[in-house]
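Notes for the one structure printed next.
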Amino acid sequence: MGQWRRWILVVGVWLLGGFPGTAWAASEVDILLDKLVDKGILSNVEVGLIRREIAETKETRNKDLAKAIVPDSARNWKWKGDIRLRDEIRNREGGGGQADTHRQRIRFRYGFEGKVNDQLKVQARVATGSSTDSSTQDPISTNQSFNTNFVKVPFNLDLANLQYTPNIPGVSKSTFVGGIMENPFWTVSPLVWDGDLSFSGVAAKVEQELGPAKLFVNSGAFSLDTDETETASIWSAQGGIAFKPFADAVNELLKNLKLIAAIAYHDYKNVANASKAGTNINAAFTTNTAGAKDFNEINPSFEVATKVAGLPVSTYLDWVHNASAGSDNNDGVQIGLKLGKAKNPIFSFSNGLNLKNGWEAGYFFQELQANAAFDEFVDSDFNGGGTNNRGHAFWVTLATLKNSTVGAKWLIGERLKGSKDVEDRLQLDWVTKF
């Protein structure tokens, strides 16, 4: 009879402790198990086994309960966003009539990526911006300045697309995108495309693994202005290779050495008919000249990256040539260096100073002639945005908390031709991702 009573108690304890969602029951079970050990009914080894079985059973039941409550479609959605607070000081000199400014700005973006099935995803994101009126909205900025006298500011549709990734025999990966999307091309700098620019149209991306090398091809067709007799558009193609020649090496520098090279061709169609052709609304003194109404941009890019003492190091070269602008003012180049990666907090009381992955810094030199690129889509920060500029940029970023960084960037630029307008810009940023 004693043996039967013993096992009845064990089964009762197991059922009570394994029931999901009862924290009070777990504490009562611990008390009961301790009493059973004290009375000699169970040994410490048996109690340990029971506690482990209870924990495993509870975890399994909780997972089953979560699956029953939350539908498959909801579990396949991933939400993410970021917020950036910026203090910006701009000092300007020259004949452009631009005033010095000191302003505070915010960028907020939030969106989701939903898995429809194994081959189809949907992506959407809203973001702050200057206006919801397409005639005055800046396509290369999601900043909102604190200049609205506390009037509520709107959100804009920043991304909305479908991504189809079929399984094609003999192809490592292929993705087809339609809608409003992030830049589908591999880029190393904002020389040609500002980082906030979204593309409207269709794109195809194909990758092929070949041992230590990966070949990739990106292409797309994008609409600029359809309210014209002939639609203004961009037709683009890019081919490149990413290569790790010494992936099996023991030496850290060689083992992490990665070479990437690509060349892109961007053909602008009928931009002379587009309402904004070559006139960046935020670049009043750096616009394309009247002769640049057509753009056939050849854009080769190169990057060499590795690690030194655990520190990521890379250097890059980005070049653009507008073959449709004749032989004058049609080239641009940016060359830069990046050190480190601000991934984990640079300091904590438990781990001390983190110099391995708690910071990053960089520098670049840029010269972008007036007709080298379509000025409405190039870097909006450098020398006030647009083309016809030359100068330098320095920046440093520190990871202060998990998923949160602070940084400073100093840009010094001057106008190449015309009145020698000069601008130096200091940006102090606090960025948090969630």
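Quick notes
- Spatial extent of the range 318-388: Rg and Dmax, with the Cα atoms as the point set, Å: 18.5, 61
- Relative contact order (%) - criterion: Cα under 8 Å, at least six apart; region: the range 75-189: 20 percent
- Looking at the range 240-273, none of the trypsin sites (Lys or Arg not before Pro) sits in a DSSP loop with at most 13 other Cβ atoms within 10 Å of its own Cβ.
- As an equivalent ellipsoid, the range 279-434 spans semi-axes of 35, 17, 12 angstrom, where each value is the square root of five times an eigenvalue of the C-alpha gyration tensor, largest first.
- Placing dummy labels 7 Å off each Cα toward the beta-carbon, the span from residue 120 to residue 28 is 5.0 nm.
- Residue 112-residue 337 pseudo-label distance in nm [points 7 Å out on the Cα-to-Cβ vector]: 4.6 nm
- Checking the Cα-Cα distances for 214/341; 80/152; 80/258 against a 26 Å cut-off, the pairs over it are 80/258.
- Shown for the range 190-266 is the translational diffusion coefficient from the Stokes-Einstein equation, using the Kirkwood radius over Cα pairs, a temperature of 25 °C and a viscosity of 0.890 mPa s: 163 µm²/s.
- Hydrodynamic radius by Kirkwood, which averages 1/r over all alpha carbon pairs of the range 76-433, in angstrom: 21.9 Å
- Cross-link partners of residue 63 among lysines (Cα-Cα below 20 Å; sequence separation of 8 or more within a chain): 78
- Relative contact order of the range 325-381, taken over Cα pairs closer than 8 Å and 6 or more residues apart, is 45 percent.
No lab work stands behind these numbers, since they all come straight from the coordinates. Everything quoted here is computed from the prediction, not taken from an experiment. Note: ideal-geometry Cβ built from the backbone for every residue, glycine included; neighbour counts use all protein chains shown.
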